[in-house]
1. With r as the distance between the Cβ atoms of R28 and E79 and R0 = 51 Å, compute the FRET efficiency 1/(1 + (r/R0)^6) and round to 0.05.
2. Please label the shape of the stretch 44-136 as rounded, prolate or oblate, based on the square roots a ≥ b ≥ c of the eigenvalues of the alpha-carbon gyration tensor (a/c under 1.5 means rounded; beyond that, a/b larger than b/c means prolate, else oblate).
3. How much length is gained on full extension from H111 to F93, taking 0.36 nm per residue of separation minus their Cα-Cα distance?
4. Which FRET efficiency value, to the nearest 0.05, is calculated for K187 and A227 with the Förster distance at 51 angstrom and r the Cβ-Cβ distance?
5. Tabulate in residue order the Karplus-calculated ³J(HN,Hα) for the stretch 209-223, using 6.51 cos²θ - 1.76 cosθ + 1.60 with θ = phi - 60°, rounded to whole Hz; enter x for Gly and Pro.
6. Label-point separation (nm) for K145 and N214, each offset 7 Å from Cα along Cα-to-Cβ?
7. When the chain is fully extended, how far beyond the present Cα-Cα distance does E36 get from L62, taking 0.36 nm per residue of separation?
8. Rounded to the nearest 0.05, what FRET efficiency do K157 and V100 give with R0 = 25 Å and r taken as the Cβ-Cβ distance? Could you check?
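Since every read-out is calculated from the coordinates, none of them should be taken as a lab result. None of these values were measured; they are calculated from a predicted model. No Cβ is skipped: glycine too gets one built from the backbone with ideal geometry, and neighbour counts run over all protein chains shown.
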Amino acid sequence: MKFLLVLLACVALASSYEFRERQDAYERSVSSQVTEYIEGIRKQMPCGFPGLGLGPLSPAHLTHREIALNSDALALAGEVDDFILYGLDDFDFVIKVNVVFSRITFNFHWHKVYFDTQYKMDMSTGNRVKMGRNGGAKLAIEDLKVVGSAKYSIIGKLRLKEFKVSATIGDVNSEIENLSKIKIVNKKLNEIIEEWILLAVNENTSEMEELSNNFVVPFVNNQIGDATLADLIAMIAGGGGDGGSGGEQEECVPPALREL
């Protein structure tokens, strides 16, 4: 009897090892497929995603945009011209899929994201102080890390159950011209902007998780509708927006290189 119990225990243990090995292999396969898809998106960013109506994203260029902000304490009205955003494709990432717990964890690291633009801005405060400013503006964010997780369900309808994401920043460099006509004051105002961005991001990770979950989950589920997992896989495999395709994908040649 003891021999049978030991034998059964050994068989169960061996089976659990075999199951775990198969499960680990499957999870690695799924994670590698997701990684490959994101790599495809990154490589496509310099060319944009015509299928989604998006132009080149690295760099991303905005010719002109009006800006307006009104509150009890502050009113801003102005515009930016020739806004160029660099570095969106300069990131490393790790994606892991846990099939058993229907959970995805991700970690993205952007080395440096920065923009360069020309601005014109009129500002008035609650105490009737009015001023107008214009000039060049540069702002760089270094070591931007975005980490998070998502829980999903594939039983019946495909549903996102939870989505949490937070971010931290290593450093900020602000070079906005003409915030003040006095050079030393202008430098100090840029330092205040740098400190404010760092604190606003790094000190509010919990709030980011709550906000992202409250916004992303209902939005994604609304977009999914009655689609099943098979429908979603078919849509992704079909090459939605040139980010990936079931066949041979044309290599992205950035517009700047095509002109050479």
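1. 0.55
2. prolate
3. 5.4 nm
4. Taking R0 as 51 Å, the efficiency between K187 and A227 is 0.45.
5. 4, 5, 5, 5, 5, 5, 8, 5, 4, x, 5, 5, 4, 5, 5
6. With each label point 7 Å from Cα toward Cβ, the separation is 2.6 nm.
7. Working it through step by step, the gained length comes to 6.4 nm.
8. 0.80
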